[in-house]
Amino acid sequence: MSRRRGEFEHRTSIFEGAYRAWSHLAGCKPEDLLTLPASELDPLINPHDPKTDPRNAPITSQKEEKTYYEPWPYEPLPRAGIVHPFVQSIITPWLGPDADRVDIHQGLSTLRTWWQHRKKGESSSAKHALAAPKMNGVVDGYLRHFFNLAHYLTLHKHEQPPKSLIGKLPTFEDAFSETASQSARNEQGGTAVDMERRKEQELRHQEDNQIKSGEKRKSCTESGETFPIVCNAGRGKYCIVLDMQGSDTSCNYCNQITELMIRGVHGFGLPSIPGLCGALAGKNTSSVLIIIDDISVARRVSNEVCDMLRGAGYSKAAIRGINLVEVMSQLTSKNDGQNAT
């Protein structure tokens with residue numbers, strides 16, 4: 001991982017945005033998370049009051065002789081580490097799409113160290129690097145993006161939530177208690193029969209997930225009425241345009257996150273969408289260009305990318321194309337009229 005010019009500002013802005021987003025999600029009331037959309041919990045619009053946050057304790061400054069509260073209380077990273085999608089989403093825009101596994105593990109170590117030090121507050125070097133108005137806007141862009149993503153992963157994908165919310169969300173409580181009880185049984189040990197039984201259950205669970213995943217992908221690609229307009233980009237490549245709303249597309253850094261999130265990182269074994277070759281988010285256009293190498297996968301890829309964008313906070317991600325049902329209906333009406341005459 002080379003230290004290019006601006007690397008410190010680039011890395012710190014990503015880490016700081018993710019840290020604030022994770023802290024804000026952890027400070028949300030469980031009933032609000034279950035009943036309100038992410039837009040009404042936006043950390044830039046509805047920030048938490050640090051004085052009333054139960055995670056916060058007053059900090060006394062000996063130099064200034066006054067007491068203040070940390071605006072973003074510390075919340076530990078998910079224990080799953082690089083396996084957790086939220087942690088992956090932090091490292092992805094920092095290292096870029098060409099990072100290998102060695103870079104990723106070094107990046108995770110750097111992130112953990114930074115996160116622990118951030119518990120004591122922002123460092124003077126970080127404050128100086130992010131003091132410029134431009135960098136403040138960059139951090140706010142990352143904050144909103146990471147919060148939308150963390151909210152989606154916790155509430156809709158049932159990934160492990162922040163530590164302060166564990167056991168407080170019904171959507172995660174059953175899965176967490178099952179994992180905890182299984183870990184306890186593994187620590188206590190068991191008979192060979194118990195071990196074999198657990199292996200069989202895990203295999204059946206994996207097979208069920210694969211079947212459900214296949215059915216979901218099939219329904220996603222076959223039930224859509226809109227077919228994307230595909231353009232020939234030359235050299236065996238084709239382009240699809242997707243419209244998206246709900247996030248700041250005027251921010252170059254946010255657009256880079258969107259592109260990397262869609263393309264994936266090689267070290268993670270991505271891209272996760274077969275047939276996808278690349279992505280390019282347009283500045284101030286609320287659109288993203290998807291590049292594929294086979295026209296036959298256009299509708300499947302566009303549907304899966306739309307699902308991914310909606311999960312990251314783009315509330316109205318949609319295919320720019322034609323509605324096949326409407327077209328067929330118009331053609332049928334036209335033919336009926338011609339036959340009548």
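The values are calculated or read from the model by the stated rules, or taken from the named source; none is laboratory data. On a predicted model such as this, the values are computed, not experimentally measured, just so you know. Here the Cβ is made from the backbone with ideal geometry for all residues, glycine too, and neighbour counts use every protein chain on show. Quick note on the areas: whole protein, heavy atoms, side chains included, nothing else; ligands and nucleic acids left out. Shrake-Rupley method; radii C 1.70, N 1.55, O 1.52, S 1.80 Å.
One table, with the values for the structure above:
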read-out	value
Failed item in (1) modelled with pLDDT under 80; (2) crowded, with 22+ Cβ neighbours inside 10 Å; (3) over 20 Å from Gln88 (Cα atoms), with Met261 passing the rest	(3)
Filter result for Ser39 (of a type in the set (S, T, N, Q) and open to solvent by less than 10 Å² (accessible area, probe 1.4 Å))	no
Given (1) closer than 21 Å to Leu169 by Cβ; (2) part of a helix (DSSP H, G or I); (3) of a type outside the set (A, V, I, L, M), number of the condition Gln106 does not satisfy	(1)
Conditions (1) surrounded by 18 or more Cβ atoms within 10 Å (Cβ to Cβ); (2) modelled with pLDDT under 85; number of the one not met by Arg101	(1)
Hits in region 112-123 - residues which are more than 16 Å from His10 (Cα to Cα), modelled with pLDDT of 85 or more and not basic (Lys, Arg)	Thr113, Gln116, His117
Residue within region 43-60 that is open to solvent by less than 20 Å² (accessible area, probe 1.4 Å) and in a helix (DSSP H, G or I) present	no
